[in-house]
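Q: Would you mind keeping the following structure in view while I ask a few things?
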Amino acid sequence: MSRTGGLAITTMGLVAFLAAFVALLAWRNGPASAQVSPATAGTTIVVNTASDESITDGDCSLREAIRAANSNAAVDACAAGKARARDAINFSLGRERPSP
């Protein structure tokens, strides 16, 4: 066998190995593995004020909701986030009042 023939076989083997490796990674880390299952769902934290604040006054601002999700501790009226799950921040601000 010539030297070029052996190199071609080795190159083809390497390409086949790399293709199989990439396919395995894509299968293992596919979009389904990035989704959170209901068993590991995080806390839903509801923002109920449009005020940009971080004080204890009985409501949950966006700033407080982010702190609660990041620290996994309740902040003002915001529920505590969960450490090993994705938390969700929802808004319940009511209807905007028309200006007079």
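Q: Which residues' amide hydrogens lie under 5 Å from the amide hydrogen of Phe91, considering only partners 5 or more residues apart or on another chain, with H built in the peptide plane?
A: Here Val47 satisfy the definition.
Q: What is the distance, in nm, between label points placed 7 Å from the Cα along the Cα-to-Cβ direction at Ser54 and at Ala83?
A: For the pair Ser54/Ala83, the computed spacing is 2.2 nm.
Q: Can you give me the distance in nm between label points at Ala74 and Ala23, each placed 7 Å from the Cα along the Cα-to-Cβ direction?
A: 5.3 nm
Taken together, the values in this text are just the output of simple stated rules run on the coordinates, not laboratory data. All values reported here derive from a predicted model rather than from experimental measurement. All Cβ positions, even for glycine, are placed from backbone atoms using ideal geometry, and neighbour counts span all protein chains on display.
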